[in-house]
Amino acid sequence: MITNDAVLFGILALMLGGVFYTSTSSNSFWKSFYKWVPALLVCYFLPSLLNTFGLVEAEKSKLYFVASRYLLPASLVLLTLSIDFKRLVALGPKALIMFFTGTVGIVIGGPIAILVMSWISPDVVGGHGPDAVWRGLTTVAGSWIGGGANQAAMKEIYGVGDQMFSVMVTIDIIVANIWMAVLLFFAARSKQIDAKNGADASAIVELQHTVEAFHKKHARNPELRDLMLILAVAFGVVGFSHFGADQLSTYIGGISGMENSNLSSHFFWLVVLATTSGLLLSFTRARKFEAVGASKVGSVFIYILVATIGLKMDITAIAETPAMFVVGGIWMLVHASLLLIMARLIKAPVFFLAVGSQANVGGAASAPVVASAFHPSLAPVGVLLAVVGYALGTYAALLTGTLMQMVAP
């Protein structure tokens, strides 16, 4: 039994390092392995083995608390301060229409999935306690609209039980990656699909040249000064967010009738203040930190968070609730159907459909993968839209959670 958090953190770091080393290896075995098994799934799965086989007592470890209270808000700051609204507008209306259509599909897909399942098997989605399905699904909404940070935020805000969360993380990853495989299939046949749909893809070529020019002009290797300033901004905002969350949660919690409201939650205000601060920083010179790797540092924090979440997972829990896969499948079907209908209506190139969807469902970890399937230089477009997803994730997931609570039997 591993009880020392320092030892446990070292093991998690070795696991993450091993995943990233093997996932970029030229070895034929690892290439074949990661072709079918996403690296992100492995980052969840390996730490979960420690819990599943009783090697750690996850509930006694403080690693998740540290990752969720310090690294999570810091990652939100770093992933949102790089938003360039001018470049978003330059993508054209169709890109943003497809992205927001994907977001709407997730927001309404959750409540629709609960409604459909309540007609088929109401026992599956019933209840309102800590292990209520609708509470668990809020974490899926946070992940699909935003990312791992938003997912963890929803877990804390809605008080999702650890066992239910284990089930939801598994459903999130498996369903999302099945859809990602479909999008990669579309990418390989994008020219034929665009021709059949009558979509004009010339804007994609122009965008490709624009992105290449931007990165050649601004990207550079970070110096020690750059990295220290990135950490100063990130954790300075985290400190401010904690202070603001203390004041707001205490004040609102003292109002009669608001004691158990989400608005009285310290974690709610921590995440909202961190996200909002990141968005405000995107209008300042702080946005230039993206050129020296701000989002990469934020992604490091996210993967540490992912590992600590995996540490709380019991992979045997999914066998107890296979019906949850049906709920996840219905949800994804709503999202996909809306995107396909909208792409047909506005004659959007399949690139905008695929990246708009994956920027929602997969976030910054996999949206660049789908974008680069069209052309390597387009990967930053996936990141750009995914960052918008991080900004929207908290707010849209809260809306989704409210709607799901309303329709839950």
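The values are calculated or read from the model by the stated rules, or taken from the named source; none is laboratory data. The model shown is predicted, which means the values in this text are computed figures rather than measured ones. Backbone-built Cβ (ideal geometry, glycine too); neighbour counts: all protein chains shown.
So that you can scan it fast, the table gives a plain yes or no per residue for (1) assigned to a helix (DSSP H, G or I); (2) within 18 Å of the chain's Cα centre (by Cα); (3) of a type in the set (Gly, Ala, Ser):
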site	(1), (2), (3)
9	yes, no, no
13	yes, no, yes
25	no, no, yes
32	yes, no, yes
46	yes, no, no
64	yes, yes, no
76	yes, yes, no
79	yes, yes, no
95	yes, no, yes
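Can you tell me which of 197, 177 is under 22 Å from the mean Cα position of the chain (by Cα) and either modelled with pLDDT of 80 or more or within 25 Å of residue 38 (Cβ to Cβ) (or both)? The conditions single out 177. Beta carbons closer than 7 Å, at least 6 apart along the sequence or on distinct chains, pair a first residue in region 227-250 that is more than 15 Å from residue 296 (Cα to Cα) with a second that is not in a helix (DSSP H, G or I) for 249/265.
Of all residues in region 1-29, those that are under 14 Å from residue 307 (Cα atoms) have Cβ atoms under 8 Å from Cβ atoms of residues that are among the aromatic types (Phe, Trp, Tyr) and surrounded by 13 or more Cβ atoms within 10 Å (Cβ to Cβ), 6 or more apart or on another chain, in 16/303. Of all residues in region 255-275, one or more are in contact with an Asp or Glu (Cβ under 6 Å, 6 or more places away or on another chain), assigned to a helix (DSSP H, G or I) and at pLDDT 75 or above.
Of the residues making up region 141-156, those that are at pLDDT 80 or above, over 15 Å from residue 40 (Cα atoms) and buried (at least 24 other Cβ atoms within 10 Å of the Cβ) are 141, 142, 145, 154, 155. Note on region 175-199: among residues that are of a type in the set (Lys, Arg) and in a helix (DSSP H, G or I), the one that is surrounded by the most Cβ atoms within 10 Å (Cβ to Cβ) is 191. Just one of the listed residues (298, 310) is of a type outside the set (D, E, K, R), touching a Cys at 6+ places or on another chain (Cβ under 7 Å) and in a helix (DSSP H, G or I), and it is 310. Of all residue pairs spaced 6 or more apart or on separate chains, those with beta-carbon atoms under 9 Å, a first member in region 118-136 that is within 21 Å of residue 150 (Cα to Cα) and crowded, with 18+ Cβ neighbours inside 10 Å and a second member that is among the polar types (S, T, N, Q) and modelled with pLDDT of 85 or more are 132/405; 134/405; 135/405.
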